[in-house]
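These notes are about the structure you will find just below.
The values are calculated or read from the model by the stated rules, or taken from the named source; none is laboratory data. Everything numeric here is computed off the predicted structure, so don't read it as measured data. Please note: Cβ atoms are built from the backbone with ideal geometry, for glycine as well, and neighbour counts cover all protein chains shown. With ligands, DNA and RNA removed, areas are computed over all heavy atoms of the protein, side chains included. Shrake-Rupley method; radii C 1.70, N 1.55, O 1.52, S 1.80 Å.
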Amino acid sequence: MSDISKNILKEIDEKHIKPIPKWQFILLNIGLFVMFGFAILFGSLATGLILFHIFSTDWEIVPRIGGGLHSFIYVLPYMWIIVTGLMIFLATLVYKHTFKGYRLKPSIIVLISIIASLLVGSVLFATKSAEGMEKILRENVAPYAQYRESRERIWQTPEHGILPGRIIDIKKTSFMLLDDFSGKRWQVDITDAKMPRFIKKPQVGDLVIVTGERTGQNSFEADGIRPATKMIRGFHIKIEKLK
């Protein structure tokens, strides 16, 4: 018997080390795989919400927020990107401790976790489940609702040429009255306003985003009118309920 073997046996005897019962070993691995599955699931939910936020953002008017690359970076859903990253890290950590988990390199586990999160997250987004989760979080988790509202108020920046709100009245093809998030009424000159192709003409009661230039305390000259995104509609409807 080699010295190494003798030392190992001596340490086992001195520390009274006993083998783990098979049932405990099996139970531990089941628990680890369940944790791995939950990490992938939560990562997928976060990915679905990331896709919802990205595709619900009107990227054409984002540069008006401040201009430059930082305006695009500012509107990214950081919270869900961080959650996804944490879940992928947790999934990798947990899987490495499973039976035979050592056989896969961490980079492979990370890649598998990312692909799984993207696939399931895409399904959640395509089936509008992500939109439903966003609504549930807004209505039932006050801190999250406050977080989203604080970020969405950047869209009401008439000084930067962005004015969202509900159309109250349209006077021929020259002017319309619009109430913004705070209830402030604006007179909007729509003489030269353009609309995206294949979009129906705005009607009284519609929620829209007007782009252009602020010309006074309550006046705005529009160069474009577009339907409000899902994010803006949800925020505006909640504000109206609170009034």
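Data for the structure
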item: Per residue accessible area of segment 55-148, 1.4 Å probe, in Å²; result: 61 Å²
item: Neighbour cut-off at most 12 other Cβ (10 Å), DSSP loop, trypsin sites (Lys or Arg not before Pro), segment 144-230; result: LYS172, ARG197, LYS200
item: Segment 174-228 - percent of accessible surface contributed by carbon and sulfur, probe 1.4 Å; result: 48 percent
item: Long-range Cα-Cα pairs in segment 81-233 (distance over 23 Å), rounded percent; result: 56 percent
item: Which listed pairs, of LYS128/LYS184; LYS171/LYS201; LYS171/LYS194; LYS128/LYS201, have C-alpha distances above 24 Å, in listed order; result: LYS128/LYS184; LYS128/LYS201
item: Cα centroid separation - segment 45-64 against segment 188-225, whole Å; result: 22 Å
item: Alpha-carbon Rg/Rh ratio, for segment 25-150, with Rh computed the Kirkwood way; result: 1.07
